[in-house]
Every structure is written in structure tokens, then in C-alpha cells.
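The values are calculated or read from the model by the stated rules, or taken from the named source; none is laboratory data. What you see is a predicted model, and the numbers here were worked out from it, not measured in a lab. Virtual Cβ from ideal backbone geometry, glycine too; neighbours counted across all protein chains shown. Ligands, DNA and RNA are stripped out before the accessible areas are found, and what is left, the full protein with its side chains, is counted by its heavy atoms. Shrake-Rupley method; radii C 1.70, N 1.55, O 1.52, S 1.80 Å.
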Amino acid sequence: MRLTYFQQAKESFIAGHQHPINQALHHMANLLVFIGIGLLFVDWRLTLICGILTQIFAIGGHILFEKNEPAFKQYPGIVILVSISWSLGNWFGLRQLFQQTKQQSN
């Protein structure tokens with residue numbers, strides 16, 4: 001049951017993140033999550049700044065580019081794992097960049 005819920009959340013997440021700039025902003029936000037965790041051992045205030053920036057990037061992408069509501073409203077909690085899974089699966093946006101570069105060179 002949980003796997004199905006995760007898959008549904010992931011499908012909803014992907015459907016709501018089609019604009020390339022919004023995708024890039026979400027990849028940066030997810031990268032900031034890991035940076036923020038690492039900075040927790042240096043200075044908690046830097047972690048707080050990273051946390052705030054993640055929300056600015058993610059919500060800003062929806063407001064400015066996607067023109068839809070964040071997936072967090074429909075799938076609270078699990079969407080964080082879905083988002084990180086999505087970024088890891090796309091190598092934080094590098095996979096799409098490599099594919100675009102490859103298509104342009106052909």
C-alpha cells in the first residue's frame with residue numbers, strides 16, 4: 001500500500017513539474033537540503049538559511065513558472081522523499097542537460 005502511495009505521489013509530482021526552470025529550481029532546492037544537513041555541523045544558522053532558500057526556490061518555481069500549487073498540498077510529508085528521489089534519479093538535473101546536449105549535437 002505504501003509503495004502505491006509513493007508511486008502516486010511521484011506521478012503527481014512529475015506532472016506538476018514540467019517547466020525546465022521550475023525543475024532546475026527544485027533540483028537546486030534538493031541539493032540545498034543535503035548542503036544544509038552538512039552545514040548543521042558547522043553552524044545551525046547556515047542550515048536555517050539553506051532551509052529558507054529551499055522554500056523560496058520551490059515555491060517560487062511554482063508561482064513564476066509552473067503556475068500551479070506545490071505537490072506538498074496533495075501529498076504532505078511524502079513529497080519530500082519523492083522530490084529527493086526524483087532529483088537523485090535525474091542526477092540533480094544533469095541527466096536532462098546531457099540528453100539535451102546529445103540531441104543538439106545529432
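Does anything in region 70-106 have its amide N under 14 Å from the 7 Å Cα→Cβ label point of Ser12, and if so which residues? Once the point is set 7 Å along Cα→Cβ of Ser12, 70-83 turn out to lie under 14 Å by backbone N, inside region 70-106. Accessible surface of the chain, 1.4 Å probe: 68 percent of it comes from carbon and sulfur atoms. Return, ordered by residue number, the residues of region 4-24 whose backbone nitrogen is under 19 Å from a label point located 7 Å along Cα→Cβ of Ile59. So the set is 17, 22-24.
Just the projected area, averaged over all directions, of the convex hull on the alpha carbon atoms of region 1-100: how many nm²? That works out to 6.8 nm², a quarter of the Cα hull's surface.
If a/c stays under 1.5 just call it rounded; otherwise compare a/b with b/c (prolate if a/b is bigger, oblate if not). Do that for region 61-106, with a ≥ b ≥ c from the square roots of the Cα gyration tensor eigenvalues. Because a/c hits 1.5 or more and a/b fails to exceed b/c, region 61-106 counts as oblate. Placing dummy labels 7 Å off each Cα toward the beta-carbon, the span from Ile37 to Leu81 is 1.3 nm.
Ligands, DNA and RNA excluded, the heavy atoms of Val42 present near 110 Å² of accessible surface to a 1.4 Å solvent probe.
Loop-resident chymotrypsin sites (Phe, Trp or Tyr not before Pro) (DSSP state other than H, G, I, E or B) in region 1-104 with no more than 14 further Cβ atoms inside 10 Å of their Cβ: Phe41.
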